Amino acid sequence: MDGSAGAEHYRAPLLLHSLAEFREIIYGCLDAAGVRSIAEVGAEDGHFTSELLQWSAGRDVRVVAVDPEPSAALLRLAVDEPRLELVAKTSLDALPELDALDAYVIDGDHNHYTVLHELRAIASNARNQFPIVLLHDVAWPWARRDLYYAPDVIPDDARQPYTFDAGVVPGDPSVVAAGFRGEGEFAVALTEGGANNGVRTAVEDFMAERPGLVFRIVPAVFGLGVLFDERAPYAGAVDAVVAVYDGNPLIERLERNRLDLYMAVLGGADGRSGPVGELRSALEQAQLHIRDLESENKALWAERAEHEERAEAGRRLAAEVRALIAAKPFRVAETVARLRSSSGVSRAHVEAVLRELGL
Ligand SMILES: C[S@@+](CC[C@H](N)C(=O)[O-])C[C@H]1O[C@@H](n2cnc3c(N)ncnc32)[C@H](O)[C@@H]1O
């Protein structure tokens, strides 16, 4: 690995997740299909949008990004790159308003209802043949389980029961306390599998409505799906780019391993095992210890205040006694004389006692 490859490695996020990771395969498909216009649905921070802009630089290609909540980075990209058309709407509002485009990248709200309706909107816009559509998240975790950025916009009868407060782990169709989770950003369906659940299920349901489509899957980085018309003039060329990855067992194993490792980093289903789980437990122990020390400290401060109060009272009493004695010196002399005669105490002893009292 040379120095620049090392630097690239350090800039990569711990969990690769962007469509940008598929850049070579996607460019290959777009080139093979001779694409002149493309829309990315769900652009987030514009990582893949930048890739699209780079790919299209110097070519006469229309690039559209659709996202209902464009991030600051995406807005900046749209300002810096006037070639980018940014549509700040949901896909289901934006797609019917766009003319037919040659290609679409679907990476927005990863649920059955949204993806099925996105594909239907693309189909009804299409001129004579269905365009090439690239879909992210056709593998675990959203292949067979809905994710909702905004559950309220999905009709009640098309939405799975969901939660914002749990996560998912591979191999468990229910939800778990920790695992892969949205941290409030998105909700997950309570159960994986079954009808009308997940992105891949939506593609399959759409294909059942519209025969004559080819669907290839690159089983890495949450899965890239490539959907195209088998009668398209470029069908063979696109298939030559992607068929080699489709169902490739080595890539599937690597993806599974990547997810298992990431789950271990997250601390497993309950967030307690693995490096992060252990750190979390150690942190909780340290917090408990700090709480104990704080209450001990509080008790010590209260004890100290009590001692200071008593010392102050002693000082006040001594001062009063001194004042009293100073006001009546003859009584001291009288008392000393009396003491000496009645007890036989020596004069030197009485003087020592008086010195000690500071008299
Ligand atoms: C996974 S991110 C996209 C990542 C990006 N394509 C990439 O590869 O770097 C999903 C994005 O979809 C957007 N989104 C959510 N609901 C949407 C909807 N109904 N239509 C379009 N985009 C949506 C979110 O705001 C978020 O930015």
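Tabulated data for the structure shown
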quantity: So PRO131, is it out of contact with any Pro (no Cβ under 6 Å at 6 or more places or on another chain), modelled with pLDDT of 95 or more and within 14 Å of the ligand (Cβ to nearest atom); calculated: no
quantity: Residues being among the aliphatic types (A, V, I, L, M), assigned to a loop (DSSP other than H, G, I, E, B) and in contact with a helix residue (DSSP H, G or I) (Cβ under 6 Å, 6 or more places away or on another chain) - total across the range 215-238; calculated: 2
quantity: Test result for GLU118, within 13 Å of the ligand (Cβ to nearest atom), surrounded by 20 or more Cβ atoms within 10 Å (Cβ to Cβ), over 23 Å from the mean Cα position of the chain (by Cα) and within 27 Å of PHE130 (Cβ to Cβ); calculated: yes
quantity: Criterion (at pLDDT 85 or above and surrounded by 13 or more Cβ atoms within 10 Å (Cβ to Cβ)) met by exactly one of ALA264, ALA302, ALA286; calculated: ALA264
quantity: Residue match in the range 35-49 (condition: within 22 Å of TYR245 (Cβ to Cβ), more than 10 Å from the ligand (Cβ to nearest atom) and touching a residue at least 60 places away in the same chain (Cβ under 8 Å)); calculated: yes
quantity: Any chance ASP137 is under 22 Å from GLY247 (Cα atoms) and acidic (Asp, Glu); calculated: yes
quantity: The listed residue being acidic (Asp, Glu), out of contact with any Pro (no Cβ under 8 Å at 6 or more places or on another chain) and in contact (Cβ under 8 Å) with a residue 60 or more places away in the chain, out of ASP270, ASP292; calculated: ASP270
quantity: Members of the range 167-185 that are surrounded by 18 or more Cβ atoms within 10 Å (Cβ to Cβ) and at pLDDT 95 or above; calculated: GLY167, VAL168, VAL169, VAL175
quantity: Residues located in the range 169-193, provided they are out of contact with any Lys or Arg (no Cβ under 7 Å at 6 or more places or on another chain) and either outside any loop (DSSP other than H, G, I, E, B) or farther than 23 Å from GLU255 by Cβ (or both); calculated: VAL176, ALA177, PHE180, ARG181, GLY184, ALA187, LEU190
quantity: The range 195-214 residues that are surrounded by fewer than 18 Cβ atoms within 10 Å (Cβ to Cβ) and in a loop (DSSP other than H, G, I, E, B), paired with ones that are at pLDDT 95 or above and charged (D, E, K, R) (beta carbon under 6 Å, 6 or more apart); calculated: GLY212/GLU230
quantity: Lone qualifier among VAL226, VAL214, VAL203, VAL168 - being among the aliphatic types (A, V, I, L, M) and under 26 Å from the mean Cα position of the chain (by Cα); calculated: VAL168
quantity: Unmet requirement for SER124, which otherwise passes all of (1) small (Gly, Ala, Ser); (2) without any contact (Cβ under 8 Å) to a residue 24 or more places away in the chain; (3) more than 10 Å from the ligand (Cβ to nearest atom); calculated: (2)
quantity: Qualifying residue in the range 239-257 (condition: over 30 Å from PHE180 (Cβ atoms) and in a helix (DSSP H, G or I)); calculated: yes
quantity: Test: residue in the range 61-82 that is more than 26 Å from the chain's Cα centre (by Cα), closer than 24 Å to PRO233 by Cα and away from the ligand (no atom under 16 Å from the Cβ); calculated: yes
quantity: Contacts under 7 angstrom Cβ, first residue in the range 16-32 being aromatic (Phe, Trp, Tyr) and part of a helix (DSSP H, G or I), partner within 15 Å of the ligand (Cβ to nearest atom) and modelled with pLDDT of 95 or more, 6 or more apart; calculated: PHE22/VAL218; PHE22/VAL221; PHE22/LEU224; TYR27/TRP55
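The values are calculated or read from the model by the stated rules, or taken from the named source; none is laboratory data. Computed from a predicted model, the values in this text were never measured in an experiment. Don't worry about glycine lacking a Cβ; one is built from the backbone with ideal geometry, like all the others, and counts go over all protein chains shown.
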